[in-house]
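Each remark here refers to the structure printed beneath this line.
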Amino acid sequence: MNHDPFHWGRPSQGTYGDYNYNIAHASNVDKSNKSNSEFPKMHTQQPMITGTSVIAIKYNDGIVMAADNMGSYGSLLKLDDLQRIIPVGSNSVVGISGDISDFQYLERLLDDLEVEDSYDMENENLKANHLSEYLTRVMYNRRSKMNPLWNAIIVAGFDDNDELVLKHVDLLGVAYSSPTLATGFGNHLAIPLLRQKVETEDDAAKLTKEEAIKTIKDCMKVLFYRDARSWDKYSLCVIEKSTKSIKIEKDVKVEGMKWDFAQHITGYGIPQQ
Amino acid sequence: MTSIGTGYDLSNSVFSPDGRNFQVEYASKAVENAGTSIGIKCKDGIVLATEKIIASKLLAPGKNKKIQTIDRHVGVVYSGLIPDGRHFVNRGRDEAQSFKSLYKEPMGLEGLISRLGYFVQAYTCYNSVRPFGINAIVGGIDDSGSHLYMVEPSGVYWGYMGAATGKGRQAAKAELEKLDLPNISCKDAVKEAARIIHLVHEDNKDKDYELEISWISKEETNGIHKFVPNDLLEEAKKYAEEEAEGRNDSDSASGSDSDSDEDME
Amino acid sequence: MQKAIPSTEYANEIRSEPIEHRFNPYSNNGGTILGIAGEDFAVLAGDTRQTTGYSINSRYEPKVFDVGDNLLLSANGFAGDSTQLIKVFDNRLKWYHFNHDKKLAISSAARLIQHMLYGKRFFPYYVHTILAGLDEDGKGAIYSFDPVGSYEREQCRAGGSAASLIMPFLDNQVNFKNQMDPESNGTKKKEIRYLSLDEVIQLVRDAFSSATERHIEVGDGLEMLIVTKEGVRTEYFPLKRD
C-alpha cells in the first residue's frame, strides 16, 4: 500500500506500477488541458445563443403570431436583429425559439424543402400540415438519438383544404395544437392572457383580427416587462383565411409602456382615483 | 465514320486508332432525332422551350412536363433520352443543394455547369457506363447576370446567346441567328421561341407535339424559374401560327410551292 | 463544463470531471385512458388534456385513435413516443394488408404491439398502451401493455396518470370485486355479468369526472371511441377545465 499522505491507501507504485486513474473517477489530475478524446462524444447538452418566446392566437379569420428579434447568450444581448418568424412557401410560417444555431439548421432544412417543392413549377404542394408533421418527425428523431435540436416551434398556416393549422412542436418531438400557443416564458406569462380572450375554438370564432393583434401586442409588452431575456422589437405575423394571405410585419416596437415610479402606476400600492 | 465495325465503337474508354470515341458520337445520334429544344438569352433573363413529341394520344395533355428546375433560379431543357435527362437534373439539384448548404447563397451558373460538365464527362471514361444520350440546355440568373449553356454527351459545354438541339436544330439555329440577341426582351423571346418550335416542327408533321415554354426573368418572375403563364403561352402559340400562315401566304404568292396549303394547321 | 471537486480533506488534491447534465429524452404529458370490454362491444376513452409539468399544453389533443380493422389504440404517457408508436402501428397495419390482404385480428395486433414495444426494450416507449376491439367470436376485447411489451387480455383497464384512481373503481363496478349478492345477506359474492353499453358509457363518464376532481393532469374533455360489429363511433363529453 502507498503510504504517501496524498496517495494513501492506493496500491504501492513500486509493486503495482503507476496508479490507474481511470478507475471510478479516481483521477486527481486536472485533465481539462488534455485532449478530451477520453470523454464520450458530446451532443448538445444546453442551448448556446437562444431566442425567447413565440406566441400565437387564433381569431375568427386566421392566426396572429409574434416573436421578438433578440438572440441572447446567457444574459448577454448577443443579437438584436434576428428574424425568428420565417415564411416557408406561401402557405406557412414557422416561429422558432430556443437555440439559434439549431434554428438556422432548421431554416436550412425548410429552405431545401421549399426548393424541392418548387421543382414542380405549377403547384405549391407544401402545406402547413405537412410542415408540422415533418418538423415533429425531425425533432423526435433527433431526441431519439439523444442529440436534440434545442428548440420549441410554432407552425401556422394553411393545410391542403386551406383550413387553418396551428401547431406547437418541441425538442422532445411532443406536438400539440390549441387556439392559443406559446413557447418558453410565453407559456407562463402570455398563455393566461391569451386564454382570457380565447379559451375555446368558439371564442376564437368570435375574436376579431384587431382584437387578436391587440392581445398579441399586449402580451409582447408583458413579456418585455417581465422576461429579462426579451426585447421590445419583434415580428408580427398575421394570417388571414378569407384572403388567404400571410403577412409578416418586421421591427414592430412595443408601445404604451409605463416605466414611471410604481406609486403612480395603477395597480400598485394605494388604489388610484 | 469509316471505322465502324472495327470494334473500337463497342466500349467507352477506348479510342479508335484515329482518335475518336465512338460511343460519345453515337450518344449524339440519340439527340439528333429527338424533339427540338431551344434556349434564348434575353436582356432580362432566359427563355427555354421544347417541342414535346406526343408518343401516344392517351398521354394526358399538360401533364408529363419536360422542362425541369435545378434550383429556384436555374432551369433545364434537354433533347434526347428522357431518363438520362432526369438523372442529369437530379445531379444538378444535388450540386445546387449542397452548394447552398455550404455557402448560404444560391449556386452560380458558371460553377454549376462546370460541375455538370465534369459529371457528364465522367460517363465517357469508364467501360461500365455509357455516355448521356442528351444535349442539355441549362439557363438561369445569378448575381453576375443571366447565363445560357448547353452540355453535350462528351461533357463539353459552351455558353450561348441562343442554343438549339434536337431534330430541328439547324433550322432553329438559323432562326435564332436572325434575332437581336441578347437585347430581346423575355416576353418577345417567348413568342419567338413558340414561332421557332412551330416552324421546325413542320419537318416532323406526322407526329403531334405540345409546346412547353419556361422562363427565368428578373422583371417577369423575380429571378425564379417558372412556366410562362397560360395566357402568354396561348398568345405565343397564336403568334406562331399567324407567322406560319403569313409565311405560307407569301410563299404561295411567290408561287414557289403548290402544296403549301398542306402546311396549314 | 468542468467543476473542481476537493476529493479529500487534503486541499491541494483536486479532482476534475465534466458536470453531468444529461438531456432527458422523456417527459410526462399527463392524461389518462380507460378501456372496457362488453359482450359485443368495447370502448376506449381518454381525456383530451395534454400537459407538461403544471402547464396545460392543449385542452383538445386526442390520444385515442381508430387505427382501422375495427381496432382502437391509445398510448398514454410521453406524447412523443405515443404518436410515434401509433404512427408505426399504422404503418405496420398498412403493410400487413399489402402482404396478406386480410383483416388483422385483435390477438395478432396485440402480439405485434408487444414486438414493437419490446423492440425498444433498452430505450423504451414511455407509454401505457391499451388496445380495444372485438375478438374472433365478436366478443369485446381489451389488451393492455406495460412500456416494454408485457401484455394481457382483460375485461377492463385504466392507464396513465389517474390509472391508480380509476382502476379500483373499475374492479368494483365492472368485475364486482368486494360486492355481495344483496339477497344472500353477505354470504355469496355478486355474480359477474356483462354490462350494457349504456352502463359502460355512464361508468366511463363517472370515472373521468371523478379523476378530473382528484388529478390535476386530467380534465377538459372526454373522448370515447366505441367499437361494435357495425364499426367505430366517437362521443365527446366536456369535463371540468380547472
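The values are calculated or read from the model by the stated rules, or taken from the named source; none is laboratory data. Note that the coordinates shown come from a computational prediction; the quantities given were computed from them, not determined experimentally. Reconstructed Cβ throughout: ideal geometry from the backbone, glycine too, with neighbour counts over all protein chains shown. Just so you know, the surface numbers come from the protein's heavy atoms only, side chains and all, with ligands and any DNA or RNA stripped out. Shrake-Rupley method; radii C 1.70, N 1.55, O 1.52, S 1.80 Å.
Here are some notes:
- Unit Cα scatterers, Debye sum, chain C: log10 I(q)/I(0) for q = 0.12 Å⁻¹: -0.70
- Alpha-carbon centroid distance for the pair region A:207-241 / region C:37-88, whole angstrom: 33 Å
- Backbone N under 20 Å from the A:Met146 label point (7 Å along Cα→Cβ), restricted to region C:75-89: C:78, C:80-81
- Note on region A:191-251: dipole from Cβ charges, positive end direction compared against A:Leu236, A:Ala205, A:Ile191; the farthest Cα belongs to A:Leu236.
- Once the Cβ-Cβ distance of B:Ser98 and A:Asp159 is raised to the sixth power relative to R0 = 35 Å, the FRET efficiency obtained is 0.65.
- The equivalent ellipsoid of region B:150-221 has semi-axes of 20, 18, 12 Å, largest first, where each one is the square root of 5 times an eigenvalue of the Cα gyration tensor.
- Cβ-placed point charges (K, R +1; D, E -1), dipole of the protein assembly as shown about Cα centre in debye, nearest 20: 3040 debye
- Ellipticity at 222 nm from helices only: DSSP H runs of n ≥ 4 in chain C, each -39500 (n - 2.57), divided by the residue count, give -9000 deg cm²/dmol.
- Folded to 0 to 90 degrees: helix A:209-226 orientation relative to chain A principal axis, Cα: 30 degrees
- Alpha-carbon Rg/Rh ratio, for region C:130-242, with Rh computed the Kirkwood way: 0.99
- Net charge dipole, chain C: roughly 400 debye, given to the nearest 20, about the Cα centre with Cβ charges of +1 for Lys and Arg and -1 for Asp and Glu.
- Set of aspartates and glutamates near B:Lys104 by C-alpha distance (under 12 Å), chain-local residues within fewer than 8 positions excluded: A:Glu107, A:Asp111, A:Asp112
- Relative to the longest principal axis of the Cα atoms of chain A, the long axis of helix A:100-118 lies at roughly 50 degrees.
- Remark on region A:56-180: hydrodynamic radius 15.1 angstrom, per the Kirkwood mean of 1/r across alpha carbon pairs.
- The alpha carbon centroids of region A:144-193 and region C:169-192 are separated by 48 Å.
- Projecting the Cα atoms of B:Ser28, B:Asn127, C:Leu134 onto the charge dipole of the protein assembly as shown (Cβ charges, centred on the Cα centre) puts C:Leu134 farthest toward the positive pole.
- The per residue volume of the convex hull around the alpha-carbon atoms of region C:99-151 is 71 Å³.
- Dipole of region C:76-164, positive direction: furthest Cα of C:Trp95, C:Ala162, C:Ser144, with charges on the beta-carbon: C:Trp95
- Amide hydrogen neighbours beyond the local backbone of B:Met150, cut-off 5 Å, H modeled: B:Val138, B:Trp158, B:Tyr160
- Cα gyration tensor shape of region B:106-265, rounded if a/c is under 1.5, else prolate or oblate by comparing a/b with b/c: oblate
- Computed over chain A, the ratio Rg/Rh where both radii use C-alpha atoms and Rh is Kirkwood: 1.17
- Residues C:Tyr236 and A:Ser75, FRET efficiency given R0 of 41 Å [Cβ-Cβ distance, rounded to 0.05]: 0.30
- Loop-located GluC sites (Glu not before Pro) across region A:146-240 with a Cβ neighbour count of 13 or fewer within 10 Å are A:Glu163, with loop assigned by DSSP.
- Counting only trypsin sites (Lys or Arg not before Pro) that DSSP places in a loop and that have at most 16 other Cβ atoms within 10 Å, the longest clean stretch of chain C runs over C:23-101.
- In region B:1-140, the convex hull through the Cα atoms has an average projected area of 11.0 nm², a quarter of its surface area.
- Projected label distance in nm at B:Asn222 and A:Ser101, using a 7 Å step from Cα toward the beta-carbon: 3.3 nm
- Using alpha-carbon coordinates, inclination of helix A:186-197 to the longest axis of chain A, degrees: 20 degrees
- Where GluC sites (Glu not before Pro) in DSSP loops with at most 16 other Cβ within 10 Å are excluded, longest remaining stretch of chain C: C:40-135
- Summed over qualifying helices (DSSP H, 4 residues or more, each -39500 (n - 2.57)) and divided by its residue number, chain B shows a 222 nm mean residue ellipticity of -12000 deg cm²/dmol.
- Rolling a 1.4 Å probe over the protein chains gives B:Tyr123 an accessible area of about 60 Å².
- Whole-number D in µm²/s for region B:188-253 (Stokes-Einstein; Kirkwood sum over Cα pairs; 20 °C, 1.002 mPa s): 166 µm²/s
- Projecting the alpha carbon convex hull of the protein assembly as shown along each direction and taking the average yields 58.8 nm².
- Straight Cα distances below 20 angstrom link B:Lys218 to the lysines B:Lys41, B:Lys43, B:Lys187, B:Lys191, B:Lys226, with same-chain residues fewer than 8 positions distant left out.
- When the convex hull of its Cα atoms is viewed from all sides, region B:133-180 shows a mean projected area of 4.0 nm².
- Cα gyration tensor category, rounded, prolate or oblate, for region B:100-145 with a/c compared to 1.5: prolate
- Anchor C:Lys177: lysines whose Cα lies under 21 Å away (excluding residues fewer than 8 positions away in-chain): C:Lys188, C:Lys189, C:Lys190
- With 32 Å as the limit, the listed pairs A:Lys244/B:Lys52; A:Lys145/C:Lys229; A:Lys221/B:Lys100; B:Lys57/C:Lys103; A:Lys244/C:Lys120; B:Lys65/B:Lys178 have A:Lys244/B:Lys52; A:Lys145/C:Lys229; A:Lys221/B:Lys100; B:Lys57/C:Lys103; A:Lys244/C:Lys120 beyond it between alpha carbons.
- Solvent exposure ordering (accessible area, 1.4 Å, most first) of A:Met146, A:Met220: A:Met146, A:Met220
- Think of each Lys and Arg Cβ as +1 and each Asp and Glu Cβ as -1; about the Cα centre, that makes the dipole of region A:54-169 roughly 800 debye.
- Exposed loop sites, defined as trypsin sites (Lys or Arg not before Pro) outside DSSP H, G, I, E and B with at most 13 other Cβ atoms within 10 Å, are absent from the longest region of chain B, namely B:105-204.
- Violating pairs (Cα-Cα greater than 28 angstrom) within the set A:Lys127/B:Lys66; A:Lys197/C:Lys87; A:Lys127/C:Lys102: A:Lys197/C:Lys87; A:Lys127/C:Lys102
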